[in-house]
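Worksheet for the structure shown next.
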Amino acid sequence: MIHTKQNGCIEVLWNDTAIEHLSDYTVWTAELRLLLENRCKHLEHLHVEPTNLSVIWFWEWFQHCPADCLYLPLLRLMPGIYAHGRWQTDAELLEKCGVPPGRIIAPDGSVIFTHGERAVLWNPNGNIKASIVDNVYPTDRGWYQSLAEIDYHPACQKPFLGICYATYHNVTAYLSQLHSGMEAEDFVNQILILF
């Protein structure tokens, strides 16, 4: 592990890949180094590339993930997972925050998985369609804003939190609900082949 100071910030590298960027007021300690090293080693054990995303942002997904997890091939992509609709509780929360009340869209059970600029739509009946919403991804905005316009919002989490804040148990429990009647491995492979 290498750490260098650049412009007053600490850049932390693992195998020549930046895994963390610390502000100038962060003190580089042996404990912090050990924490980041252990994360990287655990990720490598899972065959997940240690990057800033996997070490920091999606760490909750991998921290307790066993190497034999059936969803691991999908989790390695660190995809966005967006569920259709907006529940009544979401609308109530928006109103409490001063956002004018909008229409409440009843969830239809469909989910969109995103990775890079590709998207896969999963319907409750098990139909999977590749790139069904690729034309929604604009270059100046990310998936979050684009999919919100067609009534898809981050799954596995409380309103307004991104998928990276979900834990391993949140994500795997959510995924297991999606494919009832289908083996987990088949479900994952059908999605992966489209990415």
Quiz item: Would you pick out the residues in region 1-53 that are of a type in the set (A, V, I, L, M, F, W, C), closer than 29 Å to A67 by Cβ and at pLDDT below 90?
Solution: M1, I2, V12, L13, A18, I19, A30, L32, L53
Quiz item: Do you know which of the residues in region 3-18 that are charged (D, E, K, R) and surrounded by 10 or more Cβ atoms within 10 Å (Cβ to Cβ) is nearest to P50 (Cα to Cα)?
Solution: E11
Quiz item: Taking region 19-76 as the region of interest, how many residues are loosely packed, with under 13 Cβ neighbours inside 10 Å and aromatic (F, W, Y)?
Solution: 2
Practice problem: All but one of (1) within 18 Å of H169 (Cβ to Cβ); (2) in a helix (DSSP H, G or I) hold for L53, so report the exception by its number. | Solution: (1)
Quiz item: Within region 9-42, can you find the residues that are out of contact with any Phe, Trp or Tyr (no Cβ under 6 Å at 6 or more places or on another chain), part of a helix (DSSP H, G or I) and not charged (D, E, K, R)?
Solution: A30, L32, L34, L35, L36, N38, H42
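The values are calculated or read from the model by the stated rules, or taken from the named source; none is laboratory data. No experiment lies behind these values; they were computed from the predicted model shown. Glycine gets a Cβ as well: all are built from the backbone with ideal geometry, and neighbour counts include every protein chain shown.
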